[in-house]
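Notes for the one structure printed next.
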Amino acid sequence: MTKKILVLMLALMMVFSLGACGGGGGAAATPTVLSVNIGPEPDSIDPANNESVDGASLLVHGFEGLMKLDSAGVPVPGMASAYKVSDDLLTYTFTLRDGIKWNDGQPITAGQFIYSWQRAVSPDTAAPYGYMFDVVKGYEAAAGGDLTALAAKAIDDKTIEVTLNAPTPYFLELCAFPTYSPVREDVVKDNPAWATDPATYISNGPYKLVTWEHNSYMLYEKNQYYYDLKSLVPDQIKFVLMEDDVAILSAFQNGEISFADTMPNDEIDAYKNKPEFNKAGQLGTYFICFQTQKAPFDNADVRKALSLVIDRNFICEQIGKAGQIPAAAFVPIGLTDIDPAQQFRTVGGDYYSVDPADYEANVKEAQALLAKAGYPGGKGFPKFEYILNESTGHLQIAEALQSMWKEKLGIEATIAQQEWSVFLNTRQNGEYQVARHGWLGDYNDPISFIDMWRTGGGNNDAKWSNPEYDKLVADIKATGDKTVRYTKMHTAESILMDEMPIAPIYYYVDIFLKDPTMTGFYSSPLGYKYFMFAAVPAK
Amino acid sequence: MTRYIIKRTIIVFLTIILISTITFFLMNTVPGGPFLSEKSPSKAVLAMLEEKYGLDKPLLVQYKNYMVALAHGDLGVSLKKKGQPIVAIIVDKFPVSARLGSVAVAIAVIFGIPIGCIAALNRGKWLDNLLMFIATVGIAVPGFVVATSLMIIFGVKLGLLPTFGLNSPLHYILPAFTLAFYPMSYMARLMRSSMLEVLSLDYIRTAKAKGVSQFKMIFKHALRNSLIPVITYLGPLMAYVLTGSFVVEKIFTIPGLGGEFINSITNRDYPMIMGTTIFLATILIFMNFFVDLLYKVVDPRVTLDKE
């Protein structure tokens, strides 16, 4: 036995001494490697199957569509060198760049785009973002299985013609969306695992995936066949796949990564004045959702009362602590209006005041509304349940809401946390009274938010219905007249805010830590991170 | 002995079938589904997906299909990581967890047993109190606290050790110590009480009376018998540690199986839940089996084949 212990001790010492060797030397750094964290292991980096923001950030490095977003978030020609729009704004004709190639050297053709788009729409693929093609004529039939019905055709190897259902001001932006990226039939067909192995992950974007240690890191290097190779900056980009925000922060502090897309909430205060700390707008709103078919929440006055007593400044400053902006409407900041220089939000204005000075007045109005609804001082108001998915941040907000409702309106709410999947199920089935909600836009157009609340819409968890609103949504989607579109979107939003099936709380912001010496980095309004032109000077 | 092994093997298979069945029906009774997300896919898309993965069929038919495939060693493909076979994921992830787990078990044994012995031999003295204090802390403090403390002290403040990944032997130190801390403390306490019990037995007193040296008495006579409870604990410990810890893997960014196990449940990735559960159950059962055999080695008085 003593011998055995001795042997084991020796073995352990060897482990340690090996460790000591491993840490010392490092290879001479010839290629420049940029190490960043944008998220944990992605679920899928197949352009058709991705549904996450971090996955999209990986995809904009690996793939490129007909268009791409520049540092200002404006779509500029990507794989296409030019495009023409017909006078009725319904037909787009794209011409591909000369000599563009996949990262294995094969030429990129118009037909490959058509194949990829049909694949993304196909019911066999069941792509989560397949609906992003619903602006293209024939989408409904194609999504039902008749793929050739999709009105996107390859005129020749270099020309693509797309016909839309209705004028779509954001179509060029859609062409830069990852789901619109091309994939090659011989690569993806018959190999469902093609996007999990660098050897079979053939792509056309600025960078190519060379190593993927699952749950550990992904290494991308410059695609030698990319048409704008000379503009690319880092030789290699290492996406470190981490999930735990404390660990991510440690790695950032250590200098192991130069960029961290998330950080622990309680560290934000300590960081918010440091140069590493960054805050960018994000097209999203955090709100609560009322089940409008269940009493007492079928009464708009009740919903408005519950919304008006929410001290949004308290929630943003004391709980969110990441610079979230108190929301006084549903469509968030960051979306442009008819004049791209102006924000939809600025034009539409606020629907109630979120100025801290007006809070007491809001409370008075809320109390009056509740009395009008038949519950003066909260008397007779049934105890109700507020549901949320498990998360400390959401819980803190729930507790704040609970005490605001109790204190200012005299009504009782209980809080129920549910596991994510159960929560989604409950909310989508309308089996709740009041629920937490959040929504991120898919493109820079307010319809992405307005469309959600039409009667019977798949995401209308409030189960709210208003015929006037439905008509406005239908009109907006059918017209090409920008003035009409935007006017009606503002009208629709004012109906929504008057009926209040939802109570907006704050507009999301995207916070991240970035080495202050990093140059050339940018992020899109949808939160995608672009590192292809980023550099960190050697220290 | 052969009869015993055959009997145990049959029981192993029956247990696995039972566990698979219970897991299958339990997971299907929990609300939610693999294709739910904040932006719910349209009804048509959802129906296509369910048809594609056979989730549209009655539960009993799904169960039958699963068990038939299982009998052929086919665990299906992941619903979340589209297209990846479960077997491939396990084959990919298990070795990572197992390597880290082995180091952790080694640390726990190498430190836990001597600490327990030393404490027992110094019963009631300051050294005993100190060691048992450390061991109590080790049992009481949750893994994520140990992990983050080690990470902050050795990774960030002192900058001595890397904080994520398993790229070099150095990378193993923090996660392995985190994993080992609880079992080491538990083993030390177990070893201490077991050693004290053995030391009070007649045969030790006889050995003492005969003038056997302290060293020989402890290592030759007492240690072996004191090890039995530790070995009992070693079986399930190895099964759990080798198949990975969710917390440690998440904090240190280790591509192991523990994370897959927990995430599969959150994602309602049904084939993945089944695959990881069956795998963990199998390892656990075999480890217990192995421990039973080990008793015989340590203590010849143990008979396995009781009628």
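Hey, among the residues in the stretch A:147-203 that are basic (Lys, Arg) and assigned to a loop (DSSP other than H, G, I, E, B), which one's nearest to residue A:55 (Cα to Cα)?
Of everything passing the filter in the stretch A:147-203, A:184 is nearest to residue A:55 (Cα to Cα).
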- If we keep only residues of the stretch A:112-152 that are open to solvent by 20 Å² or more (accessible area, probe 1.4 Å) and on the phi > 0 side of the Ramachandran plot, then the residue nearest to the other protein chains (Cβ to nearest Cβ) is A:145
- Item | Spans of helices (runs of 4 or more DSSP H) in the stretch A:439-539 with at least 3 residues at pLDDT 90 or above and hydroxyl-bearing (Ser, Thr, Tyr) | A:482-499
- A careful count of residues in the stretch B:199-242 that are under 16 Å from residue B:122 (Cβ atoms) and away from every other protein chain (no Cβ under 13 Å) gives 3
- Keeping to the stretch B:252-269, report how many residues are part of a helix (DSSP H, G or I), buried (at least 24 other Cβ atoms within 10 Å of the Cβ) and either of a type in the set (Phe, Trp, Tyr) or within 11 Å of chain A (Cβ to nearest Cβ) (or both). 5
- Message: Let me confirm something: among B:75, B:55, B:70, B:46, which residue is under 30 Å from residue A:121 (Cα atoms) and away from chain A (no Cβ under 14 Å)?
- Response: B:75
- Just one of the numbered conditions (1) open to solvent by 50 Å² or more (accessible area, probe 1.4 Å); (2) within 22 Å of the chain's Cα centre (by Cα) is not true of residue A:172; which one? (1)
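Just name the residue that is farthest from residue B:80 (Cα to Cα) out of those in the stretch A:111-129 that are without any contact (Cβ under 8 Å) to a residue 40 or more places away in the chain and among the polar types (S, T, N, Q).
Checked the stretch A:111-129; the qualifying residue farthest from residue B:80 (Cα to Cα) is A:118.
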- Query: Any residue in the stretch B:168-180 that is open to solvent by 60 Å² or more (accessible area, probe 1.4 Å) and either within 10 Å of chain A (Cβ to nearest Cβ) or modelled with pLDDT of 95 or more (or both)?
  - Reply: no
- Query: Of the residues that make up the stretch B:261-269, is at least one at pLDDT 85 or above and under 15 Å from the mean Cα position of the chain (by Cα)?
  - Reply: yes
- Check every one of the helices (runs of 4 or more DSSP H) wholly within the stretch A:317-414 and list those with 3 or more residues that are surrounded by 16 or more Cβ atoms within 10 Å (Cβ to Cβ) and free of Cβ contacts under 8 Å to residues at least 40 places away in the same chain. A:392-404
- Message: Of the conditions (1) open to solvent by less than 10 Å² (accessible area, probe 1.4 Å); (2) part of a loop (DSSP other than H, G, I, E, B); (3) at pLDDT below 50, residue A:45 satisfies every one except a single condition; which number is it?
- Response: (3)
- Task: Among the numbered conditions (1) within 26 Å of residue A:30 (Cβ to Cβ); (2) in contact (Cβ under 8 Å) with a residue 60 or more places away in the chain; (3) not hydroxyl-bearing (Ser, Thr, Tyr), tell me where residue A:228 comes up short.
- Result: (2)
- Scanning the stretch B:106-152 for residues that are within 11 Å of chain A (Cβ to nearest Cβ) and open to solvent by 60 Å² or more (accessible area, probe 1.4 Å) gives B:111, B:144, B:152
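Sort out which residues of the stretch A:311-349 are among the charged types (D, E, K, R), modelled with pLDDT under 95 and farther than 23 Å from residue A:527 by Cβ, and write them in order of number.
A:339
The values are calculated or read from the model by the stated rules, or taken from the named source; none is laboratory data. It should be emphasised that the depicted structure is a prediction, and the values quoted were computed from it without experimental measurement. Here the Cβ is made from the backbone with ideal geometry for all residues, glycine too, and neighbour counts use every protein chain on show. Protein only, heavy atoms only, side chains kept; ligands, DNA and RNA dropped before computing areas. Shrake-Rupley method; radii C 1.70, N 1.55, O 1.52, S 1.80 Å.
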